[in-house]
Amino acid sequence: MQDLHTRQDRQINIEEAIVSGILSARIRPGTRLSENQLAGLFSVSRTRVREAMMRLETRGIVHVSARRGWFVVEPSAEEAMTIYEARRIIESGLLRSMRTLTEEGRGVLLAHLQEEKVAIAAGDRQRLTCLMGDFHIRIAELCGNAVLVELLRDLTARTILISMLYQSEFHALQSHQGHCRIFEAMASGDFARAAELSIEHLDEVETGLDLTRRPDPLAGLRHSLALPEHNRGDTDKKTEQQNQHKENDP
């Protein structure tokens, strides 16, 4: 029985590690997740890894490609819009259902907002990405509804994947100010207003996305080599010029 629990815990750890990696922006869209490597890292069989991956697939976090393996999803523009719509419905409904913000809850959110300020001052984008998503999850945790917490973790992870694909500029200060307004409404006991502000905040974030952008097939390598984003345009132009020359060759 103990061995069974251990195997189940390791499977959960695989799922949790991948979702946490996305929430902290360490794992990017399109990342390949090797069954062999994960099996070695978590000391489980490939069958156990596959079971964990299948559960993540049902949660919209990964997908399988025939003969190629498992990959972190790259949400389409259409999926991005439906995910933001789902978040608006869930988060505004959650806030409207709240009746009070305890002193402990107030302290948790204030400490979180202070962390955001510190990360903004330091210009730590990766840390900020994690904190901006975590703010919404913390509100769900204050409600004590485990189902909502899990739903929001998954939706927030998918939102972060969306931002890595479609967000050309990172408006950390704007997001932080939105969080502050939501908190102030909660602290004053006006949860209906907090719900409205959460919708406005998510609208602002979604408006900041360029959903016409095509996913960059070299994003993983570009990130690993620390190449600036503008190099993508140069590379694309060179490729287009090379293709044009080929077309003009007799």
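The values are calculated or read from the model by the stated rules, or taken from the named source; none is laboratory data. All values derive from a computational prediction rather than experimental measurement. Because the Cβ atoms are built from the backbone with ideal geometry, glycine has one as well, and the counts that use them run over all protein chains shown. Remember, those area values only see protein heavy atoms, side chains included, never the ligands or the DNA or RNA. Shrake-Rupley method; radii C 1.70, N 1.55, O 1.52, S 1.80 Å.
Please list, ordered by first then second residue, the pairs with beta carbon atoms under 7 Å, 6 or more apart or interchain, first in segment 92-113 and basic (K, R), second in a helix (DSSP H, G or I) and surrounded by 10 or more Cβ atoms within 10 Å (Cβ to Cβ).
Final answer for the pair search is R96/F191; R96/A192; R96/A195; R106/A187.
Select from segment 36-60 the residues that are in contact with a strand residue (DSSP E or B) (Cβ under 7 Å, 6 or more places away or on another chain) and either touching a residue at least 24 places away in the same chain (Cβ under 8 Å) or aliphatic (A, V, I, L, M) (or both) and list them in ascending order.
Once the filter is applied, which keeps residues that are in contact with a strand residue (DSSP E or B) (Cβ under 7 Å, 6 or more places away or on another chain) and either touching a residue at least 24 places away in the same chain (Cβ under 8 Å) or aliphatic (A, V, I, L, M) (or both), segment 36-60 yields M53, L56.
For the list (1) aliphatic (A, V, I, L, M); (2) surrounded by 15 or more Cβ atoms within 10 Å (Cβ to Cβ); (3) touching a residue at least 24 places away in the same chain (Cβ under 8 Å), I need the number of the one condition that A192 fails.
Here A192 meets the rest and fails (2).
Hey, could you check segment 137-158 for residues that are among the basic types (K, R) and buried (at least 20 other Cβ atoms within 10 Å of the Cβ) and say which is nearest to L211 (Cα to Cα)?
So the first thing to find is which residues in segment 137-158 are among the basic types (K, R), and the list is 138, 153, 158.
With buried (at least 20 other Cβ atoms within 10 Å of the Cβ) added as a condition, the list becomes 153, 158.
Working: R153: 22, R158: 15 Å.
Per the criteria, the residue is R158.
Which of the residues that make up segment 68-89 are open to solvent by 40 Å² or more (accessible area, probe 1.4 Å) and of a type in the set (A, V, I, L, M)?
The answer is M81, I89.
Consider D134 carefully, then state whether it is open to solvent by 60 Å² or more (accessible area, probe 1.4 Å) and of a type in the set (D, E).
Taking the combined requirement at face value, the residue does not satisfy it.
Filtering segment 159-174 down to residues that are under 21 Å from I137 (Cα atoms) and open to solvent by 60 Å² or more (accessible area, probe 1.4 Å), which residue is modelled with the lowest pLDDT?
Filtering segment 159-174 for residues that are under 21 Å from I137 (Cα atoms) and open to solvent by 60 Å² or more (accessible area, probe 1.4 Å), the one modelled with the lowest pLDDT comes out as F170.
Considering each residue of segment 58-69, count those that are part of a loop (DSSP other than H, G, I, E, B) and out of contact with any Asp or Glu (no Cβ under 9 Å at 6 or more places or on another chain), and give that number. Spell out how you get there, then give the answer.
Applying the first criterion (part of a loop (DSSP other than H, G, I, E, B)) to segment 58-69 yields 59-61, 66-68.
Now narrow it down to the ones that are out of contact with any Asp or Glu (no Cβ under 9 Å at 6 or more places or on another chain): 66-68.
Counting residues in segment 58-69 that are part of a loop (DSSP other than H, G, I, E, B) and out of contact with any Asp or Glu (no Cβ under 9 Å at 6 or more places or on another chain) gives 3.
Can you find a residue that is modelled with pLDDT under 95, in contact with a helix residue (DSSP H, G or I) (Cβ under 7 Å, 6 or more places away or on another chain), polar (S, T, N, Q) and at negative phi anywhere in segment 65-80?
No, every residue in segment 65-80 fails to be modelled with pLDDT under 95, in contact with a helix residue (DSSP H, G or I) (Cβ under 7 Å, 6 or more places away or on another chain), polar (S, T, N, Q) and at negative phi.
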